Amino acid sequence: MKEASNYYWVRVYDYNHERDQYEKGTMLDEFYLKDLIGGREEAKQTVRDKYCSETSTKLMFAKPKKEADGVYAIVMDSSKFFYDRFYSTINSHCFWCHKAIEGKASEFPRERISGDRCYLDQDNAFSDDGNTAFFCKYECKSHFIYE
């Protein structure tokens with residue numbers, strides 16, 4: 001028997017058949033859930049609880065069929081890696097220009113450091129794995145890579 005995942009990736013869409021018949025719809029929300037021991041059913045209930053009144057009661061967990069409209073959510077198995085990537089924060093310095101950077105780690109460019117490009121004297125610019133450098137902007141990352 002497969003062990004239940006404790007992490008879920010949720011995407012919520014507004015689907016209008018006339019507007020979105022060949023698409024998923026308009027994404028309204030995207031988030032991750034963790035530490036759910038009740039499995040997918042607990043994840044679905046958590047999604048319902050997040051929204052109020054009519055949206056909560058009419059929320060579907062599959063794209064509406066035929067010519068129907070509505071709000072639906074897709075609940076997918078995920079892992080700690082993706083949860084951390086979406087929610088982890090950093091308070092560090094740009095590996096190239098040393099400007100202070102703070103915020104969601106997923107919003108900053110990063111580069112894996114290994115082999116002859118290892119700069120161990122700048123530990124504060126690395127992520128927890130010790131092999132990833134963060135940059136304040138893509139221009140700094142580009143300078144690092146090509147210089």
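Brief remarks follow.
- Gaussian network model of the chain, Cα within-10 Å springs - most flexible of CYS94, CYS136, CYS52: CYS52
- Hydrodynamic radius (Kirkwood) for the range 38-115, which is based on Cα pairs only, to one decimal in Å: 16.2
- GLU41 paired with SER56, simple spin-label distance in nm, labels 7 Å along Cα-to-beta-carbon: 2.0
- Between GLU30 and ARG48, the simple spin-label model (points 7 angstrom out along Cα→Cβ) gives 2.6 nm.
- Accessible area in square angstrom per residue, the chain, 1.4 angstrom probe: 67
- Dipole check for the chain: with +1 at the C-beta of Lys and Arg, -1 at the C-beta of Asp and Glu, and the Cα centre as origin, the magnitude is about 360 Debye.
- Of ARG19, ARG85, ARG48, the one that fluctuates the most in a GNM where the chain has Cα springs shorter than 10 Å: ARG19
- Dimensionless Rg/Rh of the chain - Kirkwood Rh, Rg from C-alpha atoms: 1.12
The values are calculated or read from the model by the stated rules, or taken from the named source; none is laboratory data. For clarity, every value in this text was computed on a predicted model and none was experimentally measured. All Cβ positions, glycine included, derive from the backbone under ideal geometry; neighbour counts span all protein chains shown. Remember, those area values only see protein heavy atoms, side chains included, never the ligands or the DNA or RNA. Shrake-Rupley method; radii C 1.70, N 1.55, O 1.52, S 1.80 Å.
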